[in-house]
Amino acid sequence: MAWTRDESPSPPRILVDGDACPVKDEIYKVAWRHEVAVVVVSNAPFRVPVHPLVRRVVVSDGFDAADDWIAGEAGPRTVVVTADILLADRCLKAGALVLSSTGKPFTTSSIGSQIATRAIMADLRAGGDVIGGPAPFSKADRSRFLQALDEALVRLKRL
């Protein structure tokens, strides 16, 4: 993408699917270090740091209201943090970088199989099968997330 002299790229920012995100504090720390804005989107209000780079958006409690807001704002200069595979797919289609809270990136090459696995698991649960949930969140997940977010912001700043 080429910019004219009078144009400059929009600054990078982080959009957070905030209702169940276990790494909000880590996001704030990395964002402050990189001087990148953070928007935490949720269906219910909760505390966020009072800081000029942090904004809280509370949407209605309508089905997918937070997802719709995030997907509508996602773009090529955005990092989206979510565990929601369908939201990740929408944001990838908008050109955003998407990370899970464990630091695993969602990519255009992997999202299709993740959506298929999600559908299979939903069918198994609907059929009465008892299946385990995700592994407990660990220190290694937190560390991997910090590294992945830092790398994503460095990459966006180069664009």
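Annotations for the structure displayed:
- Residue-by-residue Karplus 3J(HN,Hα) for the stretch 40-55, coefficients 6.51, -1.76, 1.60, Hz, glycine and proline x: 9, 10, 8, 8, 9, x, 8, 6, 10, x, 7, 7, x, 8, 10, 10
- Computed from backbone phi with θ = phi - 60° and the Karplus coefficients 6.51, -1.76 and 1.60, the 3J(HN,Hα) list for the stretch 58-64 is 9, 9, 5, 8, x, 4, 6 Hz; x is used for glycine and proline.
- Put in order of Cβ neighbour count within 10 Å, fewest first, the listed residues ILE70, ILE27 become ILE27, ILE70.
- Spatially proximal lysines relative to LYS24 (Cα-Cα < 19 Å; intrachain offsets below 8 disregarded): LYS104, LYS139
- Taking amide H as placed 1.01 Å from N in the peptide plane, the amide H of THR102 sits under 5 Å from none that are at least 5 places away or on another chain.
- Among the trypsin sites (Lys or Arg not before Pro) in the stretch 1-88, those located in a DSSP loop and surrounded by at most 13 other Cβ atoms within 10 Å of their own Cβ are ARG5, ARG47.
Values quoted throughout were computed directly from the atomic coordinates according to the rules given, and no laboratory measurement underlies them. What you see is a predicted model; the values in this text were computed from it and never measured. Positions of Cβ are generated from backbone atoms using ideal geometry, with glycine treated the same way; all protein chains shown enter the neighbour counts.
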